[in-house]
Structures are given as structure tokens and as C-alpha cells.
Amino acid sequence: MNQAARHIGRTLAFVLPVVLVLSGTLAVTRVPWAAPSDRTQVLTASSHTASTQAKAARAPHEVLRDRLLTELQEKNPGVALTHLQQASEGRPSLARHCADIARALGRAAVAKYGSVKQAQAFSRPVCDTSFATGVAQNH
């Protein structure tokens, strides 16, 4: 009996640290990457692309532009222009990109509606009428 207990003790003394190390290692290899949406990306700690993905982070104005262009397609240019104005007022660092984003929205509106006249109907004085400039560039 004494020898069986000693054998079990030695086995546990060897196996327990191995299990703890492996479980700790597995716990830290899954890092939730910044994903506020329902889809969560997981990046393993040993991934060689981790540093390149971090470098490929996009500028806030590019993210805003893409979000507004998607919104324009799903809803209408008026909604996108309202959100552009709110974003520019809320984050002054985005204000210098406002005109470029508004022009891109104007071009996208013409592409969506296929008509300068229809796209121009959504024009408003956001970012010094840059939306209208973007619409006119497709004319």
C-alpha cells in the first residue's frame, strides 16, 4: 500500500506541472483581437503575421470613409452626410479629411443612382459643399 501511494505521488508530481504549463500556454495563445462586432478574430501567439497585421492598422479617416460609403449604399447619401458631419464635429482630427470623404460620397452617390440629378438632390453644405463637387466630377 505504501509503495502504491508513493508511485501515485511521483506520477502526480511529474504530470501535474506538465498539465499546468500546457494549460497556461494554451490559455495565452488565444488573444482576442480588437473586434467590437459579433465576429471575433483570434490570433495565436506564435503567428508570424502578428507584427504585419499590427502595422496594417488603418487610419481613422479611412475607416470612417469606408463605413460611410457602406452606409450610403445601404441607406442613402443624406444619412451618410449627416454622420460625416457628426464625426467631423466630434473628432476635430477628422475635419481635415472631411472634404475628401464628402467628395468620395458624391462620386459613390452618382454610381449608386446612375444620375447626377438624383445624387445632387442629397447635396447639403457639409465640408464646404464637397459632396456636390464629388457629384459634379462624374458629370
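Residues that are of a type outside the set (Asp, Glu) and open to solvent by 50 Å² or more (accessible area, probe 1.4 Å) within segment 83-94 comprise HIS83, GLN85, GLN86, GLY90, ARG91, PRO92, SER93, listed in sequence order. Among the residues of segment 96-139, the one identified as in contact with a His (Cβ under 9 Å, 6 or more places away or on another chain) and among the acidic types (Asp, Glu) is ASP100. Within segment 99-120, the residues that satisfy the criterion of being in contact with a Pro (Cβ under 9 Å, 6 or more places away or on another chain) and either without any contact (Cβ under 8 Å) to a residue 12 or more places away in the chain or basic (Lys, Arg) (or both) are LYS112, TYR113. Can you spot a residue in segment 27-46 that is among the acidic types (Asp, Glu), under 17 Å from the mean Cα position of the chain (by Cα) and either closer than 19 Å to ARG124 by Cα or modelled with pLDDT of 55 or more (or both)? No, the conditions are met nowhere in segment 27-46.
Any chance you could count how many residues in segment 111-134 are assigned to a loop (DSSP other than H, G, I, E, B) and open to solvent by 70 Å² or more (accessible area, probe 1.4 Å)? Let's see the steps before the verdict.
Taking segment 111-134 first, the residues assigned to a loop (DSSP other than H, G, I, E, B) are 114-115, 121-129.
With open to solvent by 70 Å² or more (accessible area, probe 1.4 Å) added as a condition, the list becomes 121, 124-125, 128.
Going through segment 111-134 one residue at a time, the tally reaches 4.
The values are calculated or read from the model by the stated rules, or taken from the named source; none is laboratory data. Only a predicted model underlies this, so the values are computations on that prediction, with no experimental measurement involved. So basically every Cβ, Gly included, is an ideal-geometry build from the backbone, and we count neighbours across all protein chains shown. Side chains included, ligands, DNA and RNA excluded: accessible areas come from the protein's heavy atoms. Shrake-Rupley method; radii C 1.70, N 1.55, O 1.52, S 1.80 Å.
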